[in-house]
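Worksheet: the structure to be examined is printed underneath.
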Amino acid sequence: MIERISHNQLFQLILANIRELIREPGVLFWGIIFPILMSLGLGVAFTRKKDVVTNIGVIGQTHFRKITVPDDKLGNNTFIFQSLTWKEAMIKLKRGNLNLILEEKNGAVQYHFDPMNPDAQLTYLKLARVLNTPTSLGKATNSEILPLKVNGTRYIDFLIPGLIAMGVMMSCMWGVSYAIIERRSKKLLRRMVATPMKRSNFLIALITVRVMMNFVEAGLLFLFAWLAFNITVQGNVAALFALFIAGNFAFAGIAIFISSHTAKTEVGNGLINALSMPMMVLSGVFFSYHNFPEWSIPVIQKFPLTMMADGIRSIMTEGAGFAETVLPIAILASTGLIFFVAGMKIFRWH
């Protein structure tokens with residue numbers, strides 16, 4: 001019986017595939033170890049801490065600086081109050097640094113927040129219990145909710161720029177990098193190199209088509225957001241185009257570098273995910289990266305996706321122009337150039 005199984009064709013094929021898989025440590029790393037490392041990192045980032053710190057903007061002066069509400073079951077809630085002008089508070093709100101703005105008028109506490117933002121709603125519910133006492137914000141005990149529905153302060157205004165930036169990253173990573181790796185694994189690059197084709201033209205053409213597609217995809221997304229949510233560009237449109245092109249060039253250069261030497265599609269999948277997944281989680285696409293620990297924020301702000309998303313938000317919601325976005329444009333363009341040149345130096349066509 002055992003001898004019959006050992007000579008069975010299906011058994012031998014399964015055994016051969018197992019051996020082939022074991023011989024590729026890269027496949028095992030990206031398929032097994034990397035997801036464990038990702039779960040560890042996200043678990044540390046989102047595990048309940050002793051204190052949940054929330055920043056609250058207060059229009060005018062306040063005698064409060066910090067209030068901590070102890071809770072043995074859900075963890076302590078610490079509210080840090082910042083005295084701001086309306087202009088400062090709106091900028092911080094648009095950037096995701098604040099969820100809620102407080103103002104005291106005629107003996108009543110006014111809560112300004114986006115009613116469609118679940119984090120803002122939760123902050124209001126927690127804070128209202130604390131401030132509805134005679135000792136809070138002077139002697140104000142009444143409260144009033146004033147929803148913020150103007151452009152730039154809603155959650156959708158925060159989300160759309162992040163989705164545009166993420167779309168560029170994912171399009172370049174999979175549309176450029178994976179396409180090259182797949183063609184190399186199928187020996188197509190070797191055949192193309194045998195023709196009188198200039199090698200750089202192949203890569204430039206691949207990047208150009210992908211950038212054109214990104215313009216179409218981003219344009220359709222913005223058109224939908226404009227029609228459905230009345231989202232507009234409040235800043236310089238030319239600066240937005242420059243930033244968009246620089247972001248495309250940055251991720252296209254990184255894609256060329258990643259795919260410059262890889263011949264296995266499984267390893268290529270792992271490399272692409274290893275780069276795109278952390279940025280997609282950390283760079284403030286769906287929620288503000290200020291929710292992460294303070295020590296990690298300077299690192300997160302240096303990610304290409306963070307620079308692009310923050311730059312698009314500043315133009316679309318804060319009215320920024322070239323003066324405010326020239327630095328991220330220069331950094332993104334330089335990043336793309338450096339990685340493209342480095343990738344071309346070690347690029348393997350077979």
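Every number here is computed from the coordinates shown, using simple stated rules; none is lab data. Note that the coordinates shown come from a computational prediction; the quantities given were computed from them, not determined experimentally. Here the Cβ positions follow ideal geometry from the backbone for every residue, glycine too, while neighbour counts run over all protein chains shown.
Using a 7 Å offset from the Cα along the Cα-to-Cβ direction at both residue 116 and residue 220, what is the distance between the two label points in nm, to one decimal?
With each label placed 7 Å out from Cα toward Cβ, I get 2.1 nm.
Using DSSP to call loops (not H, G, I, E or B), can you name the trypsin sites (Lys or Arg not before Pro) in region 294-350 whose Cβ has at most 14 other Cβ atoms within 10 angstrom?
Details: sites: 302, 313, 345, 348; in loops: 302, 348.
Listed in order of number, the matching sites are 302, 348.
What is the extension gain from residue 344 to residue 97, computed as 0.36 nm multiplied by their sequence separation minus the C-alpha to C-alpha distance, in nm to one decimal? Each step should come with its number before you reach the end.
Values: separation 247, 0.36 × 247 = 88.92 nm, distance 4.01 nm.
That works out to 84.9 nm of additional length.
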